[in-house]
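Single-structure report; data block below.
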Amino acid sequence: MANPIWHNIHPDFKLNGAAYTKEDIVEIGYSLVKEGEDHEISMGDFLLDWVSERSILEVLTSGSTGKPKKIQLQKEHMINSALATGSFFKLAPKNTALLCLPYSGIAGKMMLVRAMVLGLHLDYVNPSSAPLDNNSKAYDFAAMVPLQVRQSISNLSRIKKLIIGGAPVDSILKEELSKSGIPAYETYGMTETITHVAVKELAPDPKSYFETLPDVSVTIDKRGCLVIDAPNVSDSKIVTNDLVELISHNQFTWLGRFDSIINSGGIKLVPEQIEAKLSDLITNRFFVAGVADVTLGQKLVLILEGQPKEPNVLLEEIKSANALSKYEVPKAVYFVKSFVETPTKKIDREKTLQQIM
């Protein structure tokens, strides 16, 4: 019987400078599980799962918009996703790539799959908030979350192409990226779509909309939420809770989450749109949310990470900037020392709120 296609490791594939065959990957997988550091154990588990005979993988969703759930992905679809990324970003065998995302999430797993499928020379490091600090190498391709990008601005010239996912990129970071001169792209996707199915160029030629990868088309449902048709990575259409403005069958502007809409005194507020406006005014990490209120049903609050500031002073600064409508101005401000994060380094809004409410 012929080997499954996922056993066909590209001959140019290297991991931290060493070449590996399918048989070698079994050995390194066991070694990482038994002897690896904490962040390497999940990589070892994934490598062993990848080279097994099973055609599917069980993975957890990120948990950033609800409780993480276990879903099944076809390995063939993961290969198709890797090929689409390689085609879109013109990645070639022996290109160097950096894996600095948590290996437990789909984004980290797919960097490994891309390397094995495309023949990339992949280095992996501990997925810290500043992954380039202890590394002087240059890379053709890397993927980061916004926090990592912010902490790596002074070193980004060492990366030729950068994709950013996990959370929206705020206006301040966009401006910094435009000055960096490197090609940088915000990605749209989820575990169910096997990472990104659309990208938005942030630099050097910024776009305001996402454009889908080849063989992906989009529509909207009655709620105005995105519906994704990506037959190479999913057997059925994927109905999301993402509110979008549809431009064409392969272009859209992301507005926010349908399930995060705040109904405050009968006024519907979209947190992501408010956060986009506030991002010009606030340098700390922050988010807005709706909390129960006797009068309004829900009231809008602002939660910031870091050193406390006088809430009333901050609210006056926000009002005087005239960036928000009167309904979008937060009713209260809270500070927390550090946000609770999901295993994939996204802000866990629900658990962070539980700390202060």
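Worth pointing out:
- Longest to shortest principal axis, alpha-carbon extents of the range 186-241, angstrom: 35, 25, 18
- The chain - percent of accessible surface contributed by carbon and sulfur, probe 1.4 Å: 50
- Relative contact order (percent, whole number), the chain, Cα cutoff 8 Å, 6+ residue spacing: 11
- Per residue solvent-accessible surface (Å²) - the chain, probe of 1.4 Å: 48
- Electrostatic dipole magnitude of the range 1-115 [Cβ: Lys, Arg +1; Asp, Glu -1; Cα centre; debye, to 20]: 540
- Computed over the range 117-212, Kirkwood Rh from alpha-carbon pairs, angstrom: 13.8
- Model label sites at residue 133 and residue 155, defined 7 Å from Cα along the beta-carbon direction, differ in position by 0.9 nm.
- Separation between Cα centres of the range 180-243 and the range 267-293, rounded to whole Å: 23
- The range 147-299: relative contact order in percent, alpha carbon pairs under 8 Å with at least 6 residues between: 14
- Positive-end ranking of 17, 189, 256 along the dipole of the chain, with charges on Cβ about the Cα centre, is headed by 256.
- The range 36-53 residues near the modelled residue 3 label - backbone nitrogen below 18 Å, point 7 Å along Cα→Cβ: 47-53
- Mean Cα-pair separation over length for the range 252-357, i.e. relative contact order, pairs under 8 Å, 6 or more apart, %: 21
- The charge dipole of the range 246-310, taken about the Cα centre with unit charges on the Cβ atoms of Lys, Arg (+1) and Asp, Glu (-1), comes to about 80 debye, rounded to the nearest 20.
- Residue of 174, 326, 237 that the Gaussian network model of the chain assigns the largest fluctuation, springs spanning Cα pairs under 10 Å: 326
- Measuring only protein heavy atoms, the 1.4 Å probe finds residue 293 accessible over about 50 Å².
- Farthest positive-ward along the chain dipole, Cα basis, beta-carbon charges - from 166, 88, 210: 210
- The tail of the calculated P(r) for the range 220-357, taken as Cα-Cα distances beyond 19 Å, holds 58 percent of the pairs.
- Selected from 296, 98, 202 as most flexible by GNM, with the chain as the system and alpha-carbon contacts under 10 Å: 296
- By the helix-only formula, in which each DSSP H run with n ≥ 4 contributes -39500 (n - 2.57) and the sum is divided by residues, the chain has a 222 nm mean residue ellipticity of -8000 deg cm²/dmol.
- Dipole magnitude (debye, nearest 20) for the chain, charges at Cβ of Lys, Arg, Asp, Glu: 520
- Solvent-accessible ranking of 26, 145, largest area first, probe 1.4 Å: 26, 145
- Candidates 18, 97, 276, ranked by Gaussian network fluctuation over the chain, Cα under 10 Å, top entry: 18
The values are calculated or read from the model by the stated rules, or taken from the named source; none is laboratory data. What you see is a predicted model; the values in this text were computed from it and never measured. Neighbour counts are summed over all protein chains in view; Cβ atoms, including those assigned to glycine, are modelled from backbone coordinates with ideal geometry. Ligands, DNA and RNA are excluded from the accessible area calculation, which covers all protein heavy atoms including side chains. Shrake-Rupley method; radii C 1.70, N 1.55, O 1.52, S 1.80 Å.
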